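In what follows, a single structure is set out as structure tokens and then discussed.
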Amino acid sequence: MGHGVAMTLQLRTAATQNKTSPADQTGGPDTVFSVLARHAVTAPRADALSGAGEVWSYGRLIAESEAVAARLVSLAGTDARVAVIADNHPLTCIVYLACARAGLVVSLVNSRFRQDELAVVFAKLEPHLVVTDAAHHADVDAALEAAGLVPKRAALERDASGLDSVDGWTGSSGYTGPQPLAEAIFEITWTSGTTSAPKGAMLTHATALYRAACEAELFGLGPDDTAAVITPLFHQSGIRNTVLASWAAGGHAVVLPRFDAATFWADIARYRVTYLCMVETILLMLERNPPSAAERDNTLRRVLAAGDPNVVRRCEQRFGFRVVQVWGMTETGVSTGVPRTLPMERVNMLRDWGNGAPLAGWALGDSKVRLVRDGAVVDGEGAQGEIQFASPMLFSRYFRDEAATTASFDGEWFRTGDLGMYGPEGALYFLDRIKDVIRRGGENIASKQVEDVLALHPRVAKVAVIPVPDPLFMQEVMAVVVADGAVSADELWAWCDARLARYKVPRYLRFLDALPVNGSGRVQKQVLIKVAMESGVIDRRAGKAASGEVTS
């Protein structure tokens, strides 16, 4: 395949062209709901959704989603924003689809956020209705109070809160209002907040469907496939890369509470899972399991993952599935990938060429990728530059942040802030993050956010947060602190525990008399990284083995 200013791998299917195909219920281009409504007509008894001991056929899923849509509108009104904060549960998918039916804007918020983090998101989003599970009522209450908001509230399931609950709405009369337009905003999905507070990326129905269709084609998904969610639903890998991609193909989506290495293969066998998304940390945890008959005789065909080529190859050889490597982000969706039809000999050659850099493949569908360095487009094998992306997959804009939207685009091209490289045949490789980001077990962590939290402690004079290598999570978080008086590591960890999601809390602390700075007074983090693990490091997990369950 050639490459140049724009590289494109065309992956076109009838589903991909749903953006301009007539919909059964709208008479115009498809919406997220109308695609599933069509499945409910052609295959009403086919399994669509499973989890929490329940199975929904497409017929049942559409009927219950319409009933929930009616109740959502009665509570929040039309054109409302609905926030969902909950751990993995199939009812979240029904709320998601109900919003698609009623033309409401849905936002799945990171359920690992603490009160302060939730308050920042709520203050931006100003939701009209907030749906939570029992585990998150208290944090949401406090966050809404801090944000000065009093939206309508509902529970996902009936619980002690006394809130009206989604599971009690499914038998009600269905919503009879109009369908939204394909170009209407359907979802606000939150970035990781890697340079500042999280930004809300706005997706239309058309964009969400285009992404799902390209992913379904990339992975060869169809009505006979079962996709399992083992990452958080609020992640792109959960609700969009797994559930929506499966639904676009008429397949079956299974929502599991979380990834658990001890039960993974039993879950795969129970549901006969053929496809799922995972991060490299999960691959490593599966490798640590002792060999078993269950892993050798499994139904998995393809896995979406990115990571070290050696890890990927070992898992393919041991478990028998094919890892389809991709690149993407909240604003772009899964933008590039390695075609499943590419012979494995060729794939492994491309993996080896990267010398450890993850192979990202080629642009999907009608998308284009280019590399830009020092303001100029670069080309040719070995060329490096910022990955920029132009595509129907792109988000519309950042919610209530025109300045950030404008700064992120060069005409049609979205500036990703990621560093890439061209390889043989125009293949794209991901090299690093240009921004100051720590990547831990599939989560992006803004070092500035962690620094800001620690800097608020009265005994912290200065702080720098840096990544350190980790064999399981790829990177761990270290805080280098200049204290102002007596302060213990336990005190700082407790301070962070109360203000940050668990995966953002530094595992390592190191106390120094001063931080290295350059002539302009900026902290020289590269100097700190080089000497990070020298004497004086305090490890919070000293003596503790890594858990087989991914919860942070």
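The values are calculated or read from the model by the stated rules, or taken from the named source; none is laboratory data. Predicted, not measured: the structure shown is a model, and the values here were computed from it. Neighbour counts are summed over all protein chains in view; Cβ atoms, including those assigned to glycine, are modelled from backbone coordinates with ideal geometry.
Here are a few things to note about the model shown:
- The number of residues in segment 467-491 being part of a strand (DSSP E or B), touching a residue at least 60 places away in the same chain (Cβ under 8 Å) and over 11 Å from residue 508 (Cβ atoms) comes to 1.
- Sole residue being part of a helix (DSSP H, G or I) and modelled with pLDDT under 95, chosen from 451, 534: 451
- One residue from 437, 460, 450 being of a type in the set (Val, Ile, Thr) and over 22 Å from the mean Cα position of the chain (by Cα): 460
- Pairs, first farther than 27 Å from residue 259 by Cα in segment 442-466, second assigned to a loop (DSSP other than H, G, I, E, B), C-beta under 6 Å, six or more apart: 453/499; 453/500; 459/484; 459/485; 459/487; 461/484; 462/515; 464/515
- Condition met for residue 356 (more than 17 Å from residue 442 (Cα to Cα) and touching a residue at least 60 places away in the same chain (Cβ under 8 Å)): no
- Number of residues in segment 256-267 that are buried (at least 24 other Cβ atoms within 10 Å of the Cβ) and touching a residue at least 40 places away in the same chain (Cβ under 8 Å): the value is 1.
- Of all residues in segment 162-179, those that are within 20 Å of residue 108 (Cβ to Cβ) and free of Cβ contacts under 8 Å to residues at least 60 places away in the same chain total 2.
- Scanning segment 125-141 for residues that are in contact (Cβ under 8 Å) with a residue 24 or more places away in the chain and surrounded by fewer than 19 Cβ atoms within 10 Å (Cβ to Cβ) yields 126, 134, 135, 137.
- So residue 416, is it out of contact with any strand residue (DSSP E or B) (no Cβ under 8 Å at 6 or more places or on another chain) and modelled with pLDDT of 95 or more: no
- Options 494, 464: the member that is crowded, with 18+ Cβ neighbours inside 10 Å, among the small types (Gly, Ala, Ser) and not assigned by TED's automatic domain parsing to the domain that holds residue 114: 464
- Matching residues, segment 279-288, being within 19 Å of residue 299 (Cβ to Cβ) and in contact (Cβ under 8 Å) with a residue 60 or more places away in the chain: 282
- Boolean, residue 116 is surrounded by fewer than 17 Cβ atoms within 10 Å (Cβ to Cβ), in contact (Cβ under 8 Å) with a residue 24 or more places away in the chain, closer than 30 Å to residue 440 by Cα and of a type outside the set (A, V, I, L, M, F, W, C): yes
- Segment 267-327 holds helices (runs of 4 or more DSSP H) entirely within its bounds, and those carrying 3 or more residues that are touching a Gly at 6+ places or on another chain (Cβ under 8 Å) map to 280-288.
- Verdict on residue 244 being modelled with pLDDT of 95 or more, buried (at least 24 other Cβ atoms within 10 Å of the Cβ) and in a loop (DSSP other than H, G, I, E, B): no
- Here residue 345 does not fit the description of being surrounded by fewer than 22 Cβ atoms within 10 Å (Cβ to Cβ), within 29 Å of residue 238 (Cβ to Cβ) and not small (Gly, Ala, Ser).
- Scanning segment 295-309 for residues that are more than 21 Å from the chain's Cα centre (by Cα) and at positive phi returns no hits.
- Every condition in (1) surrounded by 20 or more Cβ atoms within 10 Å (Cβ to Cβ); (2) charged (D, E, K, R); (3) farther than 19 Å from residue 366 by Cα is met by residue 331 except one, and the failing one is (3).
- Of all residues in segment 247-294, exactly one satisfies the criterion of being modelled with pLDDT under 95, more than 20 Å from the chain's Cα centre (by Cα) and of a type in the set (Asp, Glu), namely 287.
- For segment 58-95, the candidate set comprises residues that are part of a helix (DSSP H, G or I) and of a type in the set (D, E, K, R); within that set, the residue that is surrounded by the fewest Cβ atoms within 10 Å (Cβ to Cβ) is 60.
- One residue stands out among those in segment 94-134 that are of a type outside the set (Val, Ile, Thr) and under 15 Å from the mean Cα position of the chain (by Cα): the one that is farthest from residue 157 (Cα to Cα), which is 113.
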